[in-house]
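A short write-up of the structure that comes next.
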Amino acid sequence: MTDENTATDGGLTATEQDVIDEIDEKNVDFLRLQFTDILGTVKNVSVPATQAEKAFTEGIYFDGSSIDGFVRIQESDMRLDPDPETFAVLPWRNGDSDGGAAARLICDVIDTSTGEPFSGDPRGVLKDAIARAEEMGYDVNMAPEPEFFLFEEDENGRATTITNDAGGYFDLAPKDLASDVRRDIIYGLESMGFDIEASHHEVAEGQHEINFTYDDALSTADNVATFRSVVRAIAAEHDLHATFMPKPIARINGSGMHTHISLFTEDGDNAFHDDDDEFNLSGTAKSFLAGVLEHAPAITAIANPTVNSYKRLVPGYEAPVYVAWSDRNRSALIRKPAARVPAASRIELRSPDPSCNPYLAFAAMIHAGLEGIENDMESDDPVRENIYEFDEAKREEYGITTLPSNLGEAVEAFENDETIQSAMGEHIAEKFVEAKTQEFEEYIVEVSEWELDRYLEKF
């Protein structure tokens, strides 16, 4: 008898053999071995399905120097080790007369010079955060809410910023013209093992949200990466362009990725719940929350990693900019959602956006929160008023600070925060700062259409 981690006679674990069998059953002819670079872009190496056993037993080698933020050319040999638990048949290329199906496996990246996990692999960074939590006796569960826009394409198939509907929050057809697109996306996600909770039209025209159930932190990060790929691919089948850009259209709501977090003990109890607390939050939850608030400016660099992210993080568009928490309103950075049962007690960090690398963003949140627990940090009282209506004097009275207002400030906060830098590891911290500093410097020397329209004929 074998279990999932025991090698069979062929050198495969039982789980790996199950994948081999499913490849045969579902007529899979190509495998996409996926991983993400430091910036969160999904990369893949495509191999014939006949190479599946070799991929599991030997790994697949590739040139790491060609991937942003990985290694220098003289240190380029890397290996992909596929995780059999992540096997899924891709829904947009099912078996038909043109050939078989394609499937994906998410991989860990191995440094061939040492045989150890590569320090620049974002998935490995999240695994380290999860291991820290486990050493403290906790399992981390997370549930993100990634929003996206659907835009029409022009006659050449290029993306426009013309929305394909005029719907608003929770609207139905005929205003919401994308219900069929969301339906097909949901079918595709479900075929890949997602458990979908709900989908709806969001506040802005052309903006949508599809929610999937919470899971352990690693599976959830994998799901976010998969989600973005599936949404884009199925939208393209409808001649639409899906984008997770945080603020593609000025003066309307941007797209966020509110992230719900909870810790569970080894006994399966929710470590964040306390029946006797006014807010049903335990001391553990409040310390975790305090840690996240303490490191919020540095987390922002990771969770809101583009110049465009900060066009969303402005008052007046439902995006949080004030470092505080609340059990009632959504103007605070962290919200304590209502929970009908103890298992549902959680906190919701509202600042992340869907352009972030989910592995790095989740790792930053986890490390910040765990530090709060280790140091027995105390959170301030929740702010139950609408912080958007506070003037500066009142914010100072409450001790409420703001998130960085641009990418440059966020990177500076990251460089000054040893905890979040350490969470990323030296390699990723260095490469991330290098890439984002360059991005911000390129941005600030550009001249926008807004500036031309306002000043060209005025001066």
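Between Arg328 and Asp453, what FRET efficiency comes out of the Förster formula 1/(1 + (r/R0)^6) with R0 = 35 Å and r the beta carbon distance, rounded to 0.05? About 0.30, to the nearest 0.05.
Amide H to amide H distances under 5 Å link Asp327 with Lys336, Val383, where only residues 5 or more positions off or on other chains count and H is placed in the peptide plane. Computed with a 1.4 Å probe on the full set of protein chains, the accessible area for Met377 sits at about 40 Å².
The residues Tyr443, Tyr388, Tyr359, sorted by heavy-atom accessible surface at 1.4 Å with ligands and nucleic acids left out, run Tyr443, Tyr388, Tyr359 from largest to smallest. Can you work out the base-10 log of I(q)/I(0) for region 100-251 at q = 0.09, 0.12 1/Å, using the Debye formula on its C-alpha atoms alone? For region 100-251 at q = 0.09, 0.12 Å⁻¹, log10 I(q)/I(0) is -0.37, -0.62.
A simple spin-label model places pseudo-atoms 7 Å from Cα toward Cβ; at Ser46 and Asp277 they are separated by 5.0 nm. If you take the Cα centroid of region 181-218 and the Cα centroid of region 120-162, the two points sit 13 Å apart.
Where q = 0.13 Å⁻¹, what log10 of I(q)/I(0) comes from the Debye formula for the chain, counting one point per Cα? Here the Debye-derived log intensity ratios amount to -1.32.
Projected label points at His238 and Thr401, each 7 Å from Cα along the beta carbon direction, are separated by 4.3 nanometres. Using bins of 10 Å that start at zero, the share of Cα-Cα pairs per bin across region 245-355 amounts to 15, 43, 29, 12, 1, in whole %. Across the chain, C-alpha contacts under 8 Å between residues 6 or more apart give a mean separation that, scaled by the residue count, equals a relative contact order of 14 percent. The overall shape of region 348-423 is prolate: from the C-alpha gyration tensor, with semi-axes ordered a ≥ b ≥ c, the ratio a/c is 1.5 or greater and a/b exceeds b/c. Estimated at 0.36 nm per residue, the fully extended path between Glu430 and Arg183 surpasses their Cα-Cα distance by 84.8 nm.
For region 361-423 and region 272-336, write down the distance between their C-alpha centroids in whole Å. Region 361-423 and region 272-336 have Cα centres spaced 8 Å from each other. By a 1.4 Å probe calculation restricted to protein chains, Val433 has an accessible surface near 20 Å², given to the nearest 10.
The alpha-carbon positions of region 300-408 define a convex hull whose volume is 129 Å³ per residue. One chain, two ends: Val314 and Ser219. Fully extended at 0.36 nm per residue, the span grows by 31.1 nm beyond their Cα-Cα distance. A Förster distance of 30 Å, applied to the separation of the beta-carbon atoms of Ala393 and Tyr443, puts the FRET efficiency at 0.40. Here the calculated FRET efficiency for Asp63 and Asp195, from their Cβ-Cβ distance with R0 = 51 Å, stands at 0.85, rounded to the nearest 0.05. Computed with every protein chain present, the accessible area of Thr243 is close to 20 Å² [probe 1.4 Å].
Annotation: amide H-H contacts under 5 Å for Asp77 (H modelled 1.01 Å from N, sequence separation of 5 or more, or interchain): Gly64.
Backbone geometry of region 381-390 corresponds, through the Karplus equation with coefficients 6.51, -1.76 and 1.60 at θ = phi - 60°, to 3J(HN,Hα) couplings of 5, x, 9, 9, 8, 6, 5, 4, 8, 6 Hz, x marking Gly and Pro.
The values are calculated or read from the model by the stated rules, or taken from the named source; none is laboratory data. For clarity, every value in this text was computed on a predicted model and none was experimentally measured. Backbone-built Cβ (ideal geometry, glycine too); neighbour counts: all protein chains shown. Heavy atoms of the whole protein, side chains included, go into the accessibility calculation; ligands, DNA and RNA do not. Shrake-Rupley method; radii C 1.70, N 1.55, O 1.52, S 1.80 Å.
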